[in-house]
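The next block holds one structure in the form of structure tokens; read it before the comments.
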Amino acid sequence: MRRVYYNGRIITMEEDIYADYVVTENGIIKETGRGSAPEADEYVDLKGNTLMPSFIDPHSHMTSVAYSFLRVQLDEITSIKEIKEKIEKFIVSGNKQNQWVVAMGYDNNILEEKRHITDKDLDDIPGGCAIVVEHKSGHSGVFNTEAMKRLGITSAVNGLMEETPYLEKLREVPLEEGQALMDAYKKAQDKYFSYGITTAQEGYGLGMLLPLYKGLMEAGILKIDLVAYPDFDSIEKWYSAFPKSRDEYDRSFKIGGLKIMLDGSPQGKTAWISGTYTDGTCGYPALSDEEVNKAVSWAAENNVQVISHCNGDMACEQFIDAVGRCKNKRAVIIHAQLLRKDQLDKVKEYEMIPSFFVAHTFHWGDTHIKNFGLERAKTISPANSALKKGILFTFHQDAPVIEQDMFETIWCAVKRQTKDGVILGEDERISVLEALKAVTVNAAYQYFEEGTKGVIKEGAKENLIIVDKDPLKAEIDDIKNIKILKTIKDGNTVYSA
């Protein structure tokens, strides 16, 4: 069927940034042009709204987003008392007595008590449950006494664990199963669609997730294009389980490459940095140089893309050096919060892609000022410095750490304003157009899908969004309030406001 979009602003993300109409056929863009719309079987009147390529998510965690629908949500809660009350209500309303209960999203930086919740706080909650409360960063969590007993934890101070020891114990917590879990994946997928995203990521594919994904694919649940990055211990198992998904989509699922994690989070002061935080600490590495070189070398030898969680500049350095030795293709530095300007030349030389978590400027900018001091905090997510070097970069939200709100992220990159109103690194601001590229054409390049996604041109997929304002013409502070009216994937409407 031949379809024409017309009567609105159409952002192509090509050199000729605007078009008057777009012609598609069977989910593929056939033509863009100026002037009157040509003949078609179906006409889509934009009614003055804006049509643009749908967004591409360069890094998030689909499974964690799905599980967020089955767990206690603590985002924006500002006191330990409220946390305890919400968990207790969840236990009572769901008849969860004596079961495992996982809560997620608490942030000690915004709590009235100015501290982490403790095992003793959680022990006050009635119901006999084994409770784990995950920090918003995803890099630490607190277990109550019953949870520590069931998991054999003996070394957690006040129930708090961080980084690799925490993540290893979290994997031992029984996962929800059955129809409720499949329904949660559907809800997660719909959430991405509601934010205009038609390609998403499973950003840390542990081996324990293999049965879940087999079930998803067998049930035909996946409609969004989903790219998975297994960890080093299980990647060959993923390739064995999904042989058709290596580097290409099978039932909307693709294995994009290998994921490694090299440090923690800057807001939790576990990101590995040169110098120190204001408290004199410097974070720490998650892997030795030998372990990093082994994984990165394997990826290069097997022609597998490698992406690496690196927040601190020392973690970035470790990854950059390994990629320089192994010559990996399109290696991605995930987060790259403290990537230094003097490291950018090597990033450029090795054709690496920083994927900045630029929304940190708003969500944790004030915390970074406290943790690093203003001068160093101003250097986080150095997008403009990368742009000046000709480095292609992308932006992400690390969902469910924050919502998959691309327009908020674009606003953050353009404005770089903290919650307290501080402009955090004015010289690292970029234009709206460059920010849009980071979540469309650049993101397509990161996935080796340039030309087919993130752009409106002949031969590209009919992956589009209709929004109520042209972001290129909107006032800066209006950008974060732009509404997604419709999301279209492969010619099919998958979300409508």
#### Entry: Efficiency of FRET from Cβ geometry, K114 and E172, R₀ 30 Å, rounded to 0.05
0.45
### Summary
Ignoring ligands and nucleic acids, K389 exposes an accessible area, probe 1.4 Å, in Å² to the nearest 10, of 80 Å²
### Separation in nanometres of the label points that stand 7 Å from Cα toward Cβ, at S240 and K214
1.2 nm
### Query
Just the C-alpha atoms of segment 385-425: what Rg/Rh do they give, with Rh taken as the Kirkwood radius?
1.02
### Query
What number, in nm² with one decimal, is the all-direction average of the projected area of the convex hull of the alpha-carbon atoms of segment 343-463?
8.0 nm²
### Query
Once both axes come from the Cα atoms, what is the angle between helix 210-219 and the longest principal axis of the chain, in degrees from 0 to 90, rounded to 10?
40 degrees
### Task
Could you tell me the accessible area of L472 in Å² (1.4 Å probe, neighbours in place), rounded to the nearest ten?
50 Å²
### Message
Could you work out what % of the accessible surface of segment 248-319 is carbon and sulfur, using a 1.4 angstrom probe and leaving DNA, RNA and ligands out of the count?
### Response
48 percent
## Note on the structure
Reported to the nearest 10 Å², S64 has, with a 1.4 Å probe, an accessible area equal to 50 Å²
### Task
Measure nothing but the geometry: give the 0 to 90° angle between the long axis through the Cα atoms of 406-415 and the longest principal axis through the Cα atoms of the chain, rounded to 10°.
90 degrees
### Query
Of K269/K327; K269/K378; K415/K473, which pairs sit farther than 20 Å apart, going by alpha carbon to alpha carbon?
K269/K327
### Task
First compute the accessible area of segment 1-121 with a 1.4 Å probe, then give the percent of it belonging to carbon and sulfur atoms.
44 percent
## Note on the structure
Once the in-chain neighbours fewer than 8 apart are removed, the aspartates and glutamates whose Cα is under 19 Å from K114 read D75, E76, E82, E85, E134, E162, D279, D366, D420
### Query
If you take the square roots of the eigenvalues of the alpha-carbon gyration tensor of segment 90-171 and sort them as a ≥ b ≥ c, do you get rounded (a/c under 1.5), prolate (a/b over b/c) or oblate?
oblate
### Summary
Measuring from its Cα centre, segment 253-330 shows a charge dipole (+1 at each Lys and Arg Cβ, -1 at each Asp and Glu Cβ) which, in debye to the nearest 20, is 480 debye
### Message
Can you give me the long-range amide H partners of D398? Hydrogens built in the peptide plane at 1.01 Å from N, cutoff under 5 Å, separation of 5 or more residues or another chain.
### Response
H59
### Query
On a 0 to 90 degree scale, rounded to 10, what angle separates helix 289-301 from the longest Cα axis of the chain?
30 degrees
#### Entry: Within the chain, helix-based [θ] at 222 nm, where runs of 4 or more DSSP H residues each add -39,500 (n - 2.57), nearest 500
-8500 deg cm²/dmol
#### Entry: Surface per residue (accessible, 1.4 Å probe) for segment 309-455, Å²
31 Å²
### Query
Out of I153, A444, L175, whose Cα points farthest toward the positive end of the dipole of the chain (charges: +1 Lys, Arg; -1 Asp, Glu; placed on Cβ)?
A444
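The values are calculated or read from the model by the stated rules, or taken from the named source; none is laboratory data. This is a predicted model, so every value here is computed, not measured. Every residue, glycine as well, gets a Cβ built from its backbone with ideal geometry; the counts of neighbours run over all protein chains shown. Side chains are part of the model used for accessible areas, which takes the heavy atoms of the whole protein and leaves out ligands, DNA and RNA. Shrake-Rupley method; radii C 1.70, N 1.55, O 1.52, S 1.80 Å.
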